[in-house]
Each structure stands twice: as structure tokens, then as C-alpha cells.
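Structure first, commentary second.
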Amino acid sequence: MRSIIFLLIAFSFGCTTQSQNQLEPKLENIAWIAGTWYGEAFGGITEEIWSEPSGGSMMATFKLINDGKVTFYEIEVIREVENSLILQLKHFGPDLKGWETKDETIDFPLKEITENKVVFEGMSFQKISATEMNVYVDIKNEDNTVDTVKFNYKK
């Protein structure tokens, strides 16, 4: 009986500790993403610029440079929607012609926020320090397998 009570107390404590680590889905809890970030991926140089939270959203631009030329751009937003957050993006070629159709976005619903991590379904941000973060993106291949690409960024 004592073992069962101990397990119930331990389980309750574990659940309380875990929920305390989770933060509310508010932009101010992910403001550490804001800034100009540089890294390397896809055999080139990446740049991602995130705005401070304002107007219920944060926005970003991304570009990939290979051999001194832009390969593609992205416009990204994180918006407050129905007591949660959603990350949405669109891709553009170097000529600014969109990859997705006019009304189509790629959406990443929020899963959780902790002090140093924001997890969306298919993309996550991990704060390493005030000047370094990792972004992990799940990319679906033509054969429907998924590869997770890591972007290590520094300010």
C-alpha cells in the first residue's frame, strides 16, 4: 500500500513539475526568437530575420544563398489564433514567384512552449543562448519519408 501511495505522490509531483515547465501560448514567451540569425544549410548560407512581437504576430524573412546567388526565399509568421499560436509560411523562388498557390500556406500548429523551446508540428526552435538557436524542420521527401533538417543559427 505504501508503494502505491508513493507512486501516486511521485506521479502527481512529476505531472506538476512538467506542467510548470510549459508556458502559455503567448508571443511574449517566444520573443527570444526575434533578431537576425545566420547559419548554413542545404550546402549554402542561410539568413533568417524575425521581428519582435507586435499586432498579435511575429514575422520573418528567410533566404538561402548557394554559390553567391539566392536559391529561394520564405516569408514566415507566427500568429496568435484562438488562444494558441500557429506558424505559417510561403516559399518563393529567386524571382519571387511563389511555390504555393495564391491562398495556400504551409501551417505548423503549436504543440508546446517551454522556457527554451517552441515546438510546432513539424518545426521547432531551441534557444541555446542569447546569441544561438537551433531550428529543426521536418521535410517530406518524394517517397513520403521525412528528414529533419537542423539549422544552427547565430546572431
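Coordinate-derived values only; no laboratory data. Here the structure is a predicted model, which means the values were calculated and not measured. Every residue, glycine among them, receives a Cβ derived from its backbone with ideal geometry; neighbour counts consider all protein chains shown.
Looking at the stretch 40-114, which trypsin sites (Lys or Arg not before Pro) are DSSP coil and have at most 16 other C-beta atoms within 10 Å of their C-beta?
Values: sites: Lys63, Lys69, Arg79, Lys90, Lys97, Lys102, Lys111; in loops: Lys97, Lys102.
Within the stretch 40-114, the qualifying trypsin sites (Lys or Arg not before Pro) (loop, at most 16 other Cβ atoms within 10 Å) are Lys97, Lys102.
Partner lysines whose Cα lies under 19 Å from the Cα of Lys127, excluding those fewer than 8 positions away in the same chain, are identified as Lys26, Lys111, Lys117, Lys150, Lys154, Lys155. Site pair Ile49 and Leu23 shows an inter-label distance of 2.4 nm when each label is modelled 7 Å from Cα along Cα→Cβ. The structure-derived value of percent of Cα pairs over 23 Å apart appears in the list [x] 68; [y] 44; [z] 33 under the label [y]. Label the stretch 52-132 by shape, choosing from rounded, prolate and oblate, from the square roots a ≥ b ≥ c of the eigenvalues of the Cα gyration tensor; if a/c is under 1.5 it is rounded, and otherwise prolate applies when a/b is larger than b/c, oblate when it is not. Oblate.
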